[in-house]
1. Within region 214-223, identify whether any single residue is surrounded by fewer than 17 Cβ atoms within 10 Å (Cβ to Cβ), at pLDDT below 85 and in a helix (DSSP H, G or I), and answer yes or no.
2. Any residue at all in region 169-177 that is surrounded by fewer than 21 Cβ atoms within 10 Å (Cβ to Cβ), out of contact with any helix residue (DSSP H, G or I) (no Cβ under 9 Å at 6 or more places or on another chain) and at positive phi?
3. Working only within region 107-117, note down all residues that are surrounded by 11 or more Cβ atoms within 10 Å (Cβ to Cβ) and either at positive phi or part of a helix (DSSP H, G or I) (or both).
4. All but one of (1) exposed (fewer than 15 other Cβ atoms within 10 Å of the Cβ); (2) modelled with pLDDT of 85 or more; (3) in contact with a helix residue (DSSP H, G or I) (Cβ under 8 Å, 6 or more places away or on another chain) hold for residue 92; state the number of the condition that does not hold.
5. Working only within region 138-165, note down all residues that are in contact (Cβ under 8 Å) with a residue 60 or more places away in the chain and either in contact with a strand residue (DSSP E or B) (Cβ under 6 Å, 6 or more places away or on another chain) or not in a helix (DSSP H, G or I) (or both).
6. Can you tell which of 183, 135 is surrounded by 12 or more Cβ atoms within 10 Å (Cβ to Cβ) and more than 26 Å from residue 79 (Cβ to Cβ)?
7. Evaluate region 118-128: report whether one residue or more is in contact (Cβ under 8 Å) with a residue 24 or more places away in the chain and not in a loop (DSSP other than H, G, I, E, B).
8. Looking at 34, 67 in this structure, which one is buried (at least 16 other Cβ atoms within 10 Å of the Cβ), within 24 Å of residue 146 (Cβ to Cβ), in contact (Cβ under 8 Å) with a residue 12 or more places away in the chain and in contact with a helix residue (DSSP H, G or I) (Cβ under 9 Å, 6 or more places away or on another chain)?
């Protein structure tokens, strides 16, 4: 028994070392630089400078929320459609959905630029049918579209997982009790898949609010989001500490978002039917 306990404890060592080196230590460095100046002296000036970036925080949160809502509106019915198919077809569609995730984010973003740019395939099609070129890259819509394109699978997969576990007898019981398709969705399927929805929202919102490459390429430099600001400050040695302060606030925002989502997930654990 003691030998087993020792082996169990020893098996946790690699995970503990990894967590300390690549999670705890970076967080400590961020906190240290956020509260020190270039000479290593303790200061609150970096935190005080964050008021100059309030509009950037607001824009980043707004873009992330819009992208998350769009992903939910697209992902929920898509996940439901996939979950109602035969298992063999479900595997094919899930594979197709996951294929873009096997490709680098940079390549996916460049591919989207090739489609949306002024001389891209989409504008070439518009010119062919007489609509003329439409400015897409460099707009807020292009940035949000890039977020939706890159992070949609993160919304679909957890919702699909929740839906695929639903007992078919729930649908039969709802039909026997006189529920039409709409009532079945709102009173049976939706309450039972709330944990999957919350997981999907978290998995889309967190990378959306911290992204920087999508906004740089698809935004054409017209939009400065939190990720862009952090990258710019870390590249400049004289403003390195301000970048750390912004990163600290970003981590706090993400932790609060995850905590709120987890609270809702705990309250709806297992789901409840609405009577």
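The values are calculated or read from the model by the stated rules, or taken from the named source; none is laboratory data. Since the model is a prediction, treat every value here as computed from it, not as a measurement. Glycine also receives a Cβ, built like all others from the backbone with ideal geometry; neighbour counts cover every protein chain displayed.
1. Checking region 214-223: not a single residue is surrounded by fewer than 17 Cβ atoms within 10 Å (Cβ to Cβ), at pLDDT below 85 and in a helix (DSSP H, G or I).
2. no
3. Selection gives 108, 109, 110, 111, 112, 113, 114, 115, 116.
4. (3)
5. 138, 139
6. The unique qualifying residue is 135.
7. No, the conditions are met nowhere in region 118-128.
8. Details: 34 fails: within 24 Å of residue 146 (Cβ to Cβ).
Testing whether each residue is buried (at least 16 other Cβ atoms within 10 Å of the Cβ), within 24 Å of residue 146 (Cβ to Cβ), in contact (Cβ under 8 Å) with a residue 12 or more places away in the chain and in contact with a helix residue (DSSP H, G or I) (Cβ under 9 Å, 6 or more places away or on another chain) leaves just 67.
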